[in-house]
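Below is one structure, written out as C-alpha cells; comments come after it.
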Amino acid sequence: MDDTGEGSHTAAAGEVLAFLCDWYRAQCVPELHDGDGISIEAVDGPGWWMTIDLRGTSLEGELSAPLVEDLGEGEWVQSWSDGTEFMAAASISSLPLAVQAFRDFVRDSEAPQWEKLLAG
C-alpha cells in the first residue's frame, strides 16, 4: 500500500460494491425483475446519479430524510428514500460514498435481517 492512502480508499470502495452486489443478489426474485433494479448513471457536473428500486423488496415503504454531506474540495453526496426508490447523487469521486449511504440505509432499516450481509 502506498503512503497516499489510496489502497485503503480502493478497499473501502470494493467493500461497499460487494455489499451492493450481495444485496441485489438476495433480492433477485421474479417479482423484483418487474422493477427497475439498480441504475447508476454519469451526469454533468461531473458526478453520479444512483437509483435503487425498492418495490418488491423488504425495504419497500422505508423512508429516509434527505442527507447532504459536503466533504470539501468540491466533493459531496446526497441521498434519500421516498419508500419506492433509494436515490443518491454524488460528485465524481464520491460514488463509493453514495453506495455506502445505501448500505447505511439498509442497516438502519432492517439490521436483524441483514446482519450477516452487513458484517461481511
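Observations on the structure shown:
- Filtered residues of region 65-88 (kept if surrounded by fewer than 19 Cβ atoms within 10 Å (Cβ to Cβ), closer than 21 Å to TRP23 by Cα and among the small types (Gly, Ala, Ser)): GLY83
- Scanning region 46-63 for residues that are surrounded by 19 or more Cβ atoms within 10 Å (Cβ to Cβ) and touching a strand residue (DSSP E or B) at 6+ places or on another chain (Cβ under 8 Å) returns GLY47, TRP48, MET50, ILE52, ASP53, LEU54, LEU59.
- Every condition in (1) assigned to a strand (DSSP E or B); (2) free of Cβ contacts under 8 Å to residues at least 40 places away in the same chain; (3) hydroxyl-bearing (Ser, Thr, Tyr) holds for SER64 except the one numbered (2).
- In summary, PHE86 fulfils each of the numbered conditions (1) in a helix (DSSP H, G or I); (2) at pLDDT 95 or above with the single exception of condition (1).
- Pair list, Cβ under 7 Å, 6 or more apart: region 89-105 residue within 12 Å of SER79 (Cβ to Cβ), other residue surrounded by fewer than 20 Cβ atoms within 10 Å (Cβ to Cβ) and polar (S, T, N, Q): ALA89/GLN78; PHE105/SER64
The values are calculated or read from the model by the stated rules, or taken from the named source; none is laboratory data. None of these values were measured; they are calculated from a predicted model. Heads up, the Cβs are rebuilt from the backbone with ideal geometry, glycines too, and the neighbour counts pull from every protein chain shown.
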